[in-house]
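Just so you know, all these numbers are worked out from the coordinates, no wet-lab data involved. Quick caveat, the model's predicted, so the values are computed rather than measured. Cβ atoms come from the backbone with ideal geometry, glycine included; neighbour counts cover every protein chain shown.
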Amino acid sequence: MSDRPVTRHTIFQNSLMTALLDGIYDGEMTVGELLGKGNFGLGTFDALDGEMVIVDGVCHQLLHDGTARRADLGARSPYAVATNFVPRIRRRAPRDIRRADLSAFIDDMTPSANYMYAVRITGTFSSVRTRTVVRQERPYRPMTEATDDDAVQEFTDVSGVIAGFRTPIYEKMISVPGCHVHFIDDARTRGGHVLDFTLSEGKIELCPGTDLELRLPLTSTFSSANLDPEDLDEQLHKTEIKD
Ligand SMILES: [Zn+2]
């Protein structure tokens, strides 16, 4: 086996998922600063203006209509996770595998469920179903309402990369527990927050994370946010899984 054991590796996070759920959609961290924390990651932009994916050191903005563009280095983010991706664990994916089955396959690849993992899936997809948040106007609504405006897109027979994080359940007050991944095609022109997919053929790479660097905003909206909602599990389900 060529896999190396888990070694110390930092995953950086800007703000909290609970803050985003509470409608804190203005960030103080720029894309330029975020790229200083990693060449790989995901998140969103101020006013929920699209989904973010960082691959190969480039930050992309995935817009409501399913299109993608290179993000402005001065754009700000209210929530993002990033790391310098080191593919320490690698496998060929079984052919024609659906998301649910691939999740179980990835679970089996991990040496322990108790670490964080950056996840990169590269290959050809017979289908990828995504949704994308739409830019919000003030006063901001909580995310469970804002995501009612989401657009769902279906991409078929497309090559690209799915990038994101597998996060332990104990982090659910901080991040998105479970697998949270975004898609962008090879041409870097289309993508979104992944709901489901079928991977025709491709490879899976994992980068284990042992250290979390958390940056909390200094804004007054963050200071006064409610970060302990009673229905957190339902809110996470509605905004991130959306079924
Ligand atoms: Zn997302």
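Numbers at a glance
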item: Test: residue in the stretch 138-154 that is free of Cβ contacts under 8 Å to residues at least 40 places away in the same chain and under 23 Å from Lys203 (Cα atoms); result: yes
item: Number of the exception - Arg88 against (1) within 16 Å of the ligand (Cβ to nearest atom); (2) surrounded by fewer than 24 Cβ atoms within 10 Å (Cβ to Cβ); (3) not hydroxyl-bearing (Ser, Thr, Tyr); result: (1)
item: Scan of the stretch 77-114 for residues that are touching a Leu at 6+ places or on another chain (Cβ under 7 Å), assigned to a strand (DSSP E or B) and closer than 30 Å to Met29 by Cβ, ordered by number; result: Ser77, Tyr79, Ala80, Val81, Ala82, Ile89
item: From the options Asp96, Asp22, residue that is in contact (Cβ under 8 Å) with a residue 12 or more places away in the chain, more than 16 Å from the ligand (Cβ to nearest atom) and more than 24 Å from Glu234 (Cβ to Cβ); result: Asp96
item: Total residues in the stretch 149-201, condition assigned to a loop (DSSP other than H, G, I, E, B), among the polar types (S, T, N, Q) and either under 15 Å from the mean Cα position of the chain (by Cα) or within 21 Å of Asn84 (Cα to Cα) (or both); result: 1
item: Every residue from the stretch 19-60 that is more than 24 Å from Asp231 (Cβ to Cβ) and of a type in the set (D, E, K, R); result: Glu28, Glu33, Lys37, Asp46, Asp49, Asp56
item: Members of the stretch 150-171 that are within 15 Å of the ligand (Cβ to nearest atom) and either over 16 Å from Ala118 (Cα atoms) or hydrophobic (A, V, I, L, M, F, W, C) (or both); result: Asp150, Ala151, Val152, Gln153, Val161, Ile162, Ala163, Phe165
item: Count of residues meeting criterion [under 26 Å from Ala47 (Cβ atoms) and touching a strand residue (DSSP E or B) at 6+ places or on another chain (Cβ under 6 Å)] in the stretch 123-159; result: 11
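Let's see how each residue does on (1) surrounded by fewer than 20 Cβ atoms within 10 Å (Cβ to Cβ); (2) more than 16 Å from the ligand (Cβ to nearest atom):
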residue	(1), (2)
Arg190	no, no
Asp196	yes, no
Thr210	yes, yes
Glu240	yes, no
